[in-house]
Amino acid sequence: MAGSAHTALDADAVNHERPWRTPAGTARAAWPLAAVAAAFTLAQLLLVRPGMGLGWDETVYVSQVGRHAPAAFFSAPRARGVSLLAAPVAAWSSSTALLRLHLALLSGLALYLALRAWRGLFPERVLVLAGALFASLWVTLFYGPRAMPNYWVAVAALAAVACFLRVRAGGAGRGAWWGLAASAALMACMRPVDAVWVALPLLALGLARHRRRALCVLLAGLAAGAAEWVIEAYVAYGGLARRLSDGAAIQGGFGWHLAVVDELRSLGGRTLCRPCTGALPHPLLTLWWFALPPLAVLALVVAVRARRPAATALPLGCAATAAFPYLFLIGYAAPRFLLPAYALLAVPAADALVHLLSPRHPALRPPRHPALR
């Protein structure tokens, strides 16, 4: 009898570690996520005017592949991922509206693929809410159709963490392995230094748990994405160390700078806050920002109680490392800098909200059996 009881308890613990099940092989199950992505794309086209002129940063990226004007000076911190993304349109057309339509469609598709990677790790309703939360931020809507790298780092980071969780659990198909490599490459292709910050918890976990294959695939993806940037550093910038140093100097130098309040100021609608002075935006505009930390803590408590901590702790860890340099190491702010952190926080925050809005919170209650308390 005692042996049977222990067997039952062990089986129950294993079941809690298993991912959420979704109907396998049914296109129908993915429709809610596709609807979120489609709504996001439509909202971009309606709320962000496709004919809006290119900003200076966008002009720099697009001019590298456009044929209608000389290429602008390409400074050390920039990577050519955005230029490649814009090339299918910019290489033959100077239409800003067409370029924004192209990027809006791609950004919607990317959001769908990133959310889809999480299927089975969280219930569908959590993923739908997570997608809606992230997609409804003004900064996400504004930068989705723009020729800027931060949104693409965000969705790639979201997909990379999901794929890493899948391959870490074992038994993952080829799609998860290829997804991990591709999403890591996309991050590094867009912003190599940001990709390293995002990947730090993944690299640490891979080393600590001796997940050599997952670690190798992640490193291979990062290397593939950053290869052009590294080669260009030696060809045109005097070496990798020099390019990193010049990039830091252009950004005002890296050091201890408390930029949390600056990021809050930028949420009022500023695309760049440098220098960052003036009043803080109305509290209603920043309420969601202050809600993120308690929601993250609640999500972690829920996950630990439900015996599935990794699926929540890993995106939270990656969000923290992604945000750290922009909150504490540079002396200015822009709302787009934290897009990767917002994307990674969306899934745990949605999980916490689903539990808060449920009639009862079973995951918050301690286990009934004394042996599990």
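Read-outs: derived from the displayed coordinates by stated rules, not from any lab. All values reported here derive from a predicted model rather than from experimental measurement. Using ideal geometry, Cβ is built from the backbone for each residue, glycine included, and neighbour counts are taken over all protein chains shown.
Per-residue ellipticity at 222 nm for the chain, helices alone: DSSP H runs ≥ 4 residues times -39500 (n - 2.57), over residue total, nearest 500 deg cm²/dmol? Each step should come with its number before you reach the end.
Working: 16 runs with 248 residues, N = 373.
Helices in the chain give a 222 nm mean residue ellipticity of -22000 deg cm²/dmol.
Find how much the distance from His68 to Trp178 grows on full extension, using 0.36 nm per residue of separation minus their present alpha carbon separation; answer in nm with one decimal.
On the way: separation 110, 0.36 × 110 = 39.60 nm, distance 3.65 nm.
My answer for the length gained is 36.0 nm.
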Among Tyr61, Tyr332, Tyr237: highest mean-square fluctuation, GNM of the chain, C-alpha pairs under 10 Å:
Tyr237
Let me know the volume per residue of the alpha-carbon convex hull for the stretch 156-219, in Å³.
63 Å³
Roughly how far apart, in whole Å, are the Cα centres of the stretch 76-137 and the stretch 212-269?
21 Å
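Counting Lys and Arg as +1 and Asp and Glu as -1, each charge on the Cβ, what is the dipole of the chain about the Cα centre in debye, to the nearest 20?
With only Lys, Arg, Asp and Glu charged at Cβ, the dipole is about 820 debye.
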Report the normalised scattering of the stretch 30-143 as log10 I(q)/I(0) at q = 0.16, 0.22 Å⁻¹, calculated by the Debye formula with identical scatterers on the alpha carbons.
-0.78, -1.14
Mean projected area in nm² (Cα convex hull; one quarter of hull surface) for the chain:
21.0 nm²
Quick one: 3J(HN,Hα) in Hz for the stretch 213-219, Karplus 6.51/-1.76/1.60 with θ = phi - 60°, rounded, Gly and Pro as x.
5, 4, 5, 5, 5, 4, 5
Helix 174-190 sits off the longest principal axis of the Cα atoms of the chain, rounded to the nearest 10 on a 0 to 90 degree scale, by 30 degrees
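Can you tell me which of 192-204, 48-60 comes out highest on packing, and rank the rest after it, using the mean Cβ neighbours within 10 Å? Numbers along the way, then the final one.
Numbers: 192-204: 21.3, 48-60: 14.5.
Result, highest mean Cβ count within 10 Å first: 192-204, 48-60.
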What's the angle, to the nearest 10 degrees (0 to 90), between helix 96-116's Cα axis and the longest principal axis of the chain?
20 degrees
Return Leu46, Leu285 ranked ascending by Cβ neighbour count within 10 Å, so the fewest neighbours appear first.
Leu46, Leu285
Residues Leu33, Leu258 in order from fewest to most other beta-carbon atoms within 10 Å are Leu258, Leu33
Which residues qualify? For Arg119, with a placed amide H closer than 5 Å and at least 5 residues away or on another chain, they are none
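How far, in nm, would the chain grow between Met52 and Arg307 when pulled straight, counting 0.36 nm per residue and subtracting the alpha carbon separation?
Numbers: separation 255, 0.36 × 255 = 91.80 nm, distance 4.81 nm.
Gain in length upon complete extension: 87.0 nm.
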Once phi is turned into ³J(HN,Hα) by the Karplus curve 6.51 cos²θ - 1.76 cosθ + 1.60 with θ = phi - 60°, what whole-Hz value does each residue of the stretch 265-271 show in order, with x for glycine and proline?
4, 5, 5, x, x, 6, 7
